[in-house]
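The structure appears right after this line, and notes come after that.
The values are calculated or read from the model by the stated rules, or taken from the named source; none is laboratory data. The structure displayed is predicted, hence computed values, not measured ones. Cβ: placed from backbone, ideal geometry, glycine included. Neighbour counts: every protein chain shown.
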Amino acid sequence: MATIEDFRKIELVVAQIKEVKEHPNADRLYVIKVDTGKEERQVVAGIRLSYPKENLVGRRIILVNNLEPATIRGEESRGMLLAASDEQGISVLSPDREVALGSTVK
């Protein structure tokens, strides 16, 4: 079981998707450029079968900002976008109003 201290270690921020490309080595992945308000970074996300890339550009998302970088099928990922999934598919989590980039999610 996770403690509140464990949860506090996770840095969740509002970011905006700036660019989306198909991952060259995976049918289910996108390579996404996001703006955190402080920097732009790349993340790899397994949402390609659920969203056309045109529906993602400009969208504000919730990003796990302090994950250790990982290489996913040859592409660097420096964060993770949050999404929910159920029998109907994947739903990317977003703030319900315009929130400043970099805002902390608590």
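What to note about this one:
- For segment 44-72, the tally of residues that are farther than 19 Å from PRO95 by Cα, of a type in the set (A, V, I, L, M, F, W, C) and either surrounded by 15 or more Cβ atoms within 10 Å (Cβ to Cβ) or in contact (Cβ under 8 Å) with a residue 60 or more places away in the chain (or both) stands at 2.
- Here ILE32, ILE10 are screened, and the one residue that is in a strand (DSSP E or B), hydrophobic (A, V, I, L, M, F, W, C) and on the phi < 0 side of the Ramachandran plot is ILE32.
- Residue check for GLU19: surrounded by 15 or more Cβ atoms within 10 Å (Cβ to Cβ), modelled with pLDDT of 95 or more and assigned to a strand (DSSP E or B): yes
- Failed item, numbered, when ASN25 is tested on (1) in a loop (DSSP other than H, G, I, E, B); (2) touching a strand residue (DSSP E or B) at 6+ places or on another chain (Cβ under 6 Å); (3) not basic (Lys, Arg): (2)
- When VAL92, VAL34, VAL105, VAL13 are checked against the criterion of being surrounded by fewer than 18 Cβ atoms within 10 Å (Cβ to Cβ) and touching a residue at least 40 places away in the same chain (Cβ under 8 Å), VAL105 stands alone in meeting it.
Per-residue answers, yes or no, for (1) under 10 Å from the mean Cα position of the chain (by Cα); (2) under 14 Å from ILE32 (Cα atoms):
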| position | (1), (2) |
| --- | --- |
| VAL57 | no, yes |
| ARG60 | yes, yes |
| ARG78 | yes, yes |
| ASP86 | no, no |
| GLY89 | no, no |
| GLU98 | no, no |
